[in-house]
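Take a look at the structure below.
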Amino acid sequence: MSSRLFRCSCPNCQDSCCFFSEIFSFTRRKGNSCSASSCRGKVSSLVSLSSHGDYQSAYRQWISGALALPAAVYMLQDPSAEAAELERTFIAIKPDGVQRGLISEIVSRFERKGYKLVAIKLVVPSKQFAEQHYEDLKERPFFNGLCEFLSSGPVLAMVWEGQGVIKYGRKLIGATDPQNSEPGTIRGDLAIIVGRNIIHGSDGPETAKNEINLWFKPEELVNYAHNSEKWLYGK
């Protein structure tokens, strides 16, 4: 299909170049591109082309490309649109998640996202240890119940690494109350009540650092390069 089908005949264009190419290169050729008002009628002419079977595929591709351009231009021009920082977070599958056989389901969600597992162990924490873990909640009326439950059976403790893993790890987990968790999140799909919400995740960089240091010794954290990283981060 010839690009002439998308040629802009607007009198304000200096070189009557291809309309799609004009949009795609407007950040480099601001002086020669059409104004929005002068080219407003061109989309309607493209719509008429979509009625012809031969042109439907190209038309859909043109629309998809045009709609994607604003986001692409924003990423190129906005210096704040940078990749999230490489970081580590603490994730624990609580006794209810372990007893229900949800370990592989939960681990696979972090793996499929692209995060890297750098530490893992199955432990039964003492109540005293659980009190250290929940120290920031010691003034809450449910503190004792939390500690008793965490120490009631095996807990799968993990450290995951990746760009933005702390914040997005919380999104994967879902809201504290499963009833408020979106479908597709771990708690939204696999839990029902807040007292049995199957998983814990660090809620910030400082918390992650403290929890990792509490649950793991430095030598238990493994530093290694994963083969998928070049495909995930383009490096």
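Give a quick list of chymotrypsin sites (Phe, Trp or Tyr not before Pro) in the stretch 117-193 that DSSP marks as loop, anything other than H, G, I, E or B, with at most 12 other Cβ atoms within 10 Å. Show your work: numbers first, answer last.
Values: sites: F129, Y134, F142, F143, F149, W160, Y168; in loops: Y134, F142.
Filter output for the stretch 117-193: F142.
I need the Debye-formula profile for the stretch 79-233: one equal scatterer per C-alpha, no solvent, reported as log10 I(q)/I(0) at q = 0.09 1/Å, two decimals.
-0.28
Can you give the net charge of the other residues whose Cβ lies under 12 Å from the Cβ of E87, counting K and R as +1 and D and E as -1?
+1
Which of Q99, I166, N210 sits farthest toward the positive end of the charge dipole of the stretch 79-233, with +1 on the Cβ of Lys and Arg and -1 on the Cβ of Asp and Glu?
The one lying farthest along the dipole's positive direction is Q99.
If I stretch the segment between E206 and Y168 completely, what's the gain in nm (0.36 nm per residue apart, minus their alpha carbon distance), one decimal?
Here the answer is 12.1 nm.
Please compute the per residue accessible area over the stretch 139-233 with all protein chains in place, 1.4 Å probe, rounded to a whole number of Å².
For the stretch 139-233, the solvent-accessible area averages 57 Å² per residue.
Label points 7 Å out from Cα along the Cβ direction at Q179 and L122: separation in nm?
The modelled label-to-label distance comes out at 3.3 nm.
For the stretch 185-200, in order, what is each residue's ³J(HN,Hα) by Karplus, 6.51 cos²θ - 1.76 cosθ + 1.60 with θ = phi - 60°, in whole Hz (x at glycine and Pro)?
Per-residue couplings from phi come out as 7, 4, 5, x, 8, 10, 10, 10, 10, 5, x, 9, 9, 6, 8, 10 Hz.
Please report the net charge: other residues with Cβ closer than 13 Å to the Cβ of G97, K and R +1, D and E -1.
+2
Nothing charged except the Cβ atoms of Lys and Arg (+1) and of Asp and Glu (-1): what's the magnitude of the dipole of the stretch 142-218 about its Cα centre? Round to the nearest 20 debye.
Approximately 100 debye in magnitude.
Extending each Cα 7 Å along its Cβ direction at N227 and F143, get the distance between those two points in nm, one decimal.
4.9
Counting only protein heavy atoms and using a 1.4 Å probe, what share of the accessible area of the stretch 155-235 belongs to carbon plus sulfur, as a whole percent?
Result for the stretch 155-235: 52 percent of the exposed heavy-atom area is carbon or sulfur.
Would you mind counting up the charge near K167? Only other residues with Cβ under 13 Å from its Cβ, with Lys and Arg at +1 and Asp and Glu at -1.
+1
Given a 1.4 Å probe and heavy atoms of the protein chains only, how would you sort V222, V124, V159, largest accessible area at the top?
Largest accessible area first, the residues go V124, V222, V159.
The values are calculated or read from the model by the stated rules, or taken from the named source; none is laboratory data. Not measured: the values here are computed from a predicted model. Ideal geometry is used to build each Cβ from the backbone, glycine not excepted, and the neighbour counts take in all protein chains shown. These accessible areas exclude ligands, DNA and RNA; they are computed on the full protein's heavy atoms, side chains included. Shrake-Rupley method; radii C 1.70, N 1.55, O 1.52, S 1.80 Å.
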